[in-house]
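Single-structure report; data block below.
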Amino acid sequence: MTENEIGRLLADLWLDVQQPAILWQAGVLVLCMLVARWGAQLLQWRAPEESTETLKRGAAAFRRIVFPLLAMLLLIAGRALLAGWHSTNLLSVAIPLFGALAGIRFVVYLLAFSRGGWVDGFERAIVALAWTALALHLTGLLPEIVHWLSDVQFSAGTHKLSLWTLLSAAFWLVVTLLLALWAGSALEAWLMRSPTLDSSLRAVFARLGKAALLVAAVLVVLPLLGVDLTVLSVFGGALGVGLGLGLQKIASNYVSGFIILLDRSIRIGDVITADHHHGVVTRITTRYVVVRALTGVEAIIPNDTLVTTTVLNHSYTDTKVRLPLKLQVSYETPIEPVLQLLIEIALRHERVLRDPAPTAHVLNLADNGIELELGFWISDPEEGSQNLRSDISVQVLDEFKSRGIEIPFPQREVRLSRRTTQV
């Protein structure tokens, strides 16, 4: 539809508005919208949880465009039915607006659907702004608004700026940043699927690529808008002062995050003990590391803490971990059979490794009995160690009771002497 056609259509619509017959068009428009809303609710199909990601995304995209598409189709049918009795200029204006709404919703969803980032949270606002601008253009009101905004001017130093210049600059900056974020998310998804790179390196390259795209987007769009890049030097100096004063700790966490990701001292899946927290590393970001304990509690540890303090990585070079189990037997117990029995009990558990094999030793000749230690190795510390110790301890108690092996406990013998006094 050309601008001349739009102008004639709007002129005819203005004539229709002054006639009582416009109520027929308004009624058909409202009826089509209500039927489209009802049909859209019936067609709100969601893919099952076990479906592929592509099917889920397709269903989500369909839910976003089903209402404007139904409204557009119903309006086309309503215009055809009403054309024999009344003019249909209002419906002719509404049809491309609903079609544009469907297209804008689909395009915005393509930019934000799979990333779940902040773009997704502002999806409705972005759709509303884009559709409003397009609607103003189709109705011919946009040039008048642009002219009014251009007349609103003010001075900034030696430069004169108009409100339209600022709004257009902000618009193109946001559009460029959105495209950069979308490209960065696509790059991150591609890197995360690469089987030849380590998981830590994939995360590093993804974050560096996203940051580089954002910086490139800003550097490209600012000169196009007439902004001198030398002003960024002032901003860089202010940023340096801010980092030196108030943001030093935050900057340290980000730098430490890149150090952790590059030297791969801590990786996803490692079992670590840091800052009084023990668990499995489930996530590594540029600011913090998430450690999930066996209780399900997740600790968020700043990267600066992991770089500047001692971290116990139980699976740094090898996932095998030795677990000790200490106990006592009485001095009347024959030691060699008991040591062999402890090894056999440990080997009964499926998580205990055969190589290295379990060992049992005499630790100490204590006051109440002979101290023994059963040592065994496991290769899955992320599954927990206390539960395994508990299972083996229960089996040891059962075997000792059935064989009559005594586990000593502290005993004290108190003797009372009776003295007689002769008078």
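Remarks
- FRET efficiency, E344 to S417 (Cβ-Cβ, R0 45 Å, nearest 0.05): 0.35
- Model label zone, S330; criterion: amide N under 17 Å from point 7 Å along Cα-to-beta-carbon; scope the range 353-368: 366-368
- Zone residues, the range 256-287, relative to T305, backbone N less than 11 Å from point 7 Å out along Cα-to-Cβ: 274-278
- Rounded to 0.05, the FRET efficiency of the L110 and L397 pair, given R0 = 56 Å and the Cβ-Cβ distance, is 0.35.
- Treating r as the C-beta distance of F409 and I259 and R0 as 60 Å, the FRET efficiency rounds to 0.70.
- With all protein chains in place and ligands, DNA and RNA left out, the 1.4 Å accessible area ranks T319, T176, T295 as T295, T319, T176, largest first.
- Sequentially through the range 169-180, phi angles give Karplus couplings (6.51, -1.76, 1.60; θ = phi - 60°) of 5, 5, 5, 5, 5, 5, 4, 5, 5, 4, 5, 5 Hz, Gly and Pro residues having no value and appearing as x.
- Separation in nanometres of the label points that stand 7 Å from Cα toward Cβ, at L73 and T359: 7.6
- Taking 0.36 nm per residue of separation and subtracting the current Cα-Cα distance, fully stretching the chain between A186 and V35 would add 50.5 nm.
- Gained length - L81 relative to V152, 0.36 nm times residue gap less alpha-carbon distance: 20.9 nm
- Per residue Cα convex hull volume in Å³ - calculated over the range 305-346: 120
- Model label points for A125 and Q386, set 7 angstrom from Cα along the Cα-to-Cβ axis, are 4.5 nm apart.
- The apolar share of the surface of the range 316-360, taken as the fraction of accessible area on carbon and sulfur atoms (1.4 Å probe, ligands and nucleic acids excluded), comes to 54 percent.
- Solution diffusion estimate, µm²/s, Stokes-Einstein, the range 301-417, Kirkwood Rh from C-alpha pairs, 25 °C, viscosity 0.890 mPa s: 149
The values are calculated or read from the model by the stated rules, or taken from the named source; none is laboratory data. Just so it is clear, the model here is predicted, and its values are computed rather than measured. Cβ atoms come from the backbone with ideal geometry, glycine included; neighbour counts cover every protein chain shown. Please note that ligands, DNA and RNA were not included when accessible areas were found on the heavy atoms of the full protein model with its side chains. Shrake-Rupley method; radii C 1.70, N 1.55, O 1.52, S 1.80 Å.
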